1. Taking R0 as 25 Å, what FRET efficiency do you get between A:GLU227 and A:GLN52 from their Cβ-Cβ distance, rounded to the nearest 0.05?
2. Leaving out ligands and nucleic acids, and using a 1.4 Å probe, what accessible area per residue does the protein assembly as shown come to in Å²?
3. When only DSSP loop residues count, what GluC sites (Glu not before Pro) in segment A:288-388 have their Cβ near at most 12 other Cβ atoms within 10 Å?
4. Based on Cα positions only, what radius of gyration and what Dmax would you give for segment A:197-403, in angstroms?
5. Can you run phi through the Karplus equation (6.51, -1.76, 1.60; θ = phi - 60°) for segment A:25-42 and list ³J(HN,Hα) in whole Hz, with x for Gly and Pro?
6. Grab the alpha carbons of chain A, take their convex hull, and tell me the volume per residue in Å³.
7. Modelled label-to-label distance, A:LEU123 and B:SER70, 7 Å Cα→beta-carbon offset: nm?
8. Sort chain C into rounded, prolate or oblate with this rule: let a ≥ b ≥ c be the square roots of the eigenvalues of the Cα gyration tensor; rounded if a/c is under 1.5, and if a/c is not under 1.5, prolate when a/b is larger than b/c, oblate otherwise.
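The values are calculated or read from the model by the stated rules, or taken from the named source; none is laboratory data. Quick caveat: nothing in here was measured; it's all calculated off a predicted structure. Note: ideal-geometry Cβ built from the backbone for every residue, glycine included; neighbour counts use all protein chains shown. To get the accessible areas, we keep the full protein, side chains included, count just its heavy atoms, and leave off ligands, DNA and RNA. Shrake-Rupley method; radii C 1.70, N 1.55, O 1.52, S 1.80 Å.
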Amino acid sequence: MKVDVKSLGTFNRLAHEGAEQATASLCQMTGLDAVVDVTKITLVNRADVGDQLSDGDYVGVQFEFDGELAGDTVLVFDRSGSETIVDSLVPGGAEDDAMARSSVEEIGNIMMSGFIDGWADFLETTIEHSPPTYVEGDGAAMLPEPPNDEERDQVFVFKSEIEWIGESVSFYIYMFPEYDPLADVMARTGGTEDDAIPIDKLEVFNEMTKDGTQQAAANVEMMTGIETEAEVTRLSFAPIEDVPKQVGTDTYVGTVVEFTGIPSGFLLVLFDEASAVHIAEAMMPVEMDEDELTDQHKSAIEELGNIMTSGFVDGWANVLQTSVEHTPPRLVHDMGQAIVDPLAAQVGQHQEHAFIIDSEMRTDDIEFGAEIHALPNEKELRQALDELLVERADETQADVEKIF
Amino acid sequence: MSDVLIADDSEFMRNLLREILEEDHNIVGEVENGVEAVETYKEQHPDLVMMDIVMPIRDGIEATDEIKNSNPDANVIMCTSVGQEEKMKEAVRAGADGYITKPFQKPSVMEAIEDVVPS
Amino acid sequence: MKVYDGTTADSEPATPPERVKVGIAESKVTDGDAVLTTSGLGSCLGVAVYDGSAAVAGLVHAMLPSIDEMEGTNEAKFADSGIRHLVAELEKRGGDREHMEAKLAGGSDMLDFSENGSGIGVRNVEMGRRTLAEFDIPVVGEDVGGDHGRSLRLESANGDLIVKSANRDPITL
């Protein structure tokens, strides 16, 4: 199966419009105000999809759909958000469990019909969907069971995030299309063959990125003594103007480099402020015991960012048997979205959509979270995938001893 | 005790290397880019240069190339976060005598230096 | 006296004004007393246009200088087409370009990796000024450039544009 950027763009827009239609139904019924924030298509390990929802208490509805496209969709509300909705439909209804459940089911039914109908209209066909199944629990419980005959680790997920105006909570629409029907439809909606990217290579690239994240995590561990684990790695596709929204408006500390070669683009290593102080303290030979971010902390973060960046991109260079140069790291300390915005704008001078590579790492020991985001230029990414030899996928490490 | 020049754009890394090296060696200078590395090398003629690769103005491989051209007997150990095979080969072509990847442990730094400038 | 996000109000309004979020590559106008907000401007440019006599105001969050350089269709993504669109929308709601005033914020040159020529932030600001000049709309306040991000809040009731940054106190244009 191949996908081209044009059909990914079309699918992204369809999912976004579907989510907007679903949200409009919700707003009309409840009088609440909500807006679709981001829609993206992600290639990710099926087992990792629920990670973003893991800490929370959710309610929602699942549907199966069948036709030219087949698969599952889920509408996920956090519990307090769903109570607001239920109360706006049936005042006091949230107190009555059966009523609350039935309201969520019905509202989900109406919203998701709108979502599915958009796809059917575009494909000029009908897509059937099952009655809603009410689900509640933590993140993993909200998502449908992966099919038993799943041969693939990685799946495409379409995800829209919808924000309540004036509230800090969001809700989500997920769509898990089955692989074969999706492949058929993508092949049909694709543009010229030149632009096409073989999916198996994207999957391999994703695996290489996972190795890179593990290497970066190992580097953190070696420099700080803090046991660090690579968590989720995903490759997403979104309109360029949605790229800065991938990182929130919280303040981050980290490094940015531009990398050149095959592939080329920008790479960010970001820590939340508290993590930055913790991790920098752990790198210092002497205890500083400062809660505020000092210049010494920044210098340590700058070097850590540099080393994590190398850990991340070296694997690409070694598998592709090429070299990927990067600039010295630039230290950033600003609101996340403002850090990403100039990079998205630079990439956006040549393309309307972008691939985004996101990785996260965590540790149990102390409060610590790090994110790596790469924003490759499409042209060079396509060339890199073109030159990628799948059988070299595990040759991410170079052997110094062999050369010196 | 050898005379060592440290070239790295990261203050944090220069401090770390100095702490590891100053017990057994004489640090003759700490510089932040490839141009300063070449200049300082030509003034001081240290026994060894610990050279980062990714630095502003001029990178460590170009600087190594120039130092080796001016004095083929110069000793340069690359000390870098870059772990790409092609880069290592470039370093060999420029004449580097050793290659340490960051993050490193003290013993591996000592060992690499011992190989290049035996005490 | 009650404090609202860095600005002070002399009396508490009966109902808080509606908040309207303006995303990246979006523009919004209002003829009420809504507060228009946009966040995370790096090299992006925020342009607020206000006509006090008609009580209309609008805000656009543009990413790149000119629609002519790209085959884009979203006018609000670009400084030139975004401003033209914004002025047209304000006029639809009774605004008059002869009474409009503009304020610019954003266009930082943080993380500009371009080696020659001016970066996107600088070009966004230049294009913003030039496009406003086409309409003879005066720029009465500016907080542009520098190496930090900004978030904006436009109070349509009085045309105040409050600029917030991560490491600096808010300023009112």
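1. 0.65
2. Accessible surface, normalised per residue, equals 41 Å².
3. Listed in order of number, the matching sites are A:GLU292, A:GLU367.
4. Spelled out, the Cα radius of gyration and Dmax of segment A:197-403 are 16.6, 51 Å.
5. 4, 4, 5, 5, 6, 9, x, 7, 10, 9, 9, 6, 8, 9, 10, 9, 9, 10
6. In chain A, the Cα hull volume divided by residue count equals 153 Å³.
7. Those two pseudo-labels are separated by 6.8 nm.
8. Verdict is oblate for chain C.
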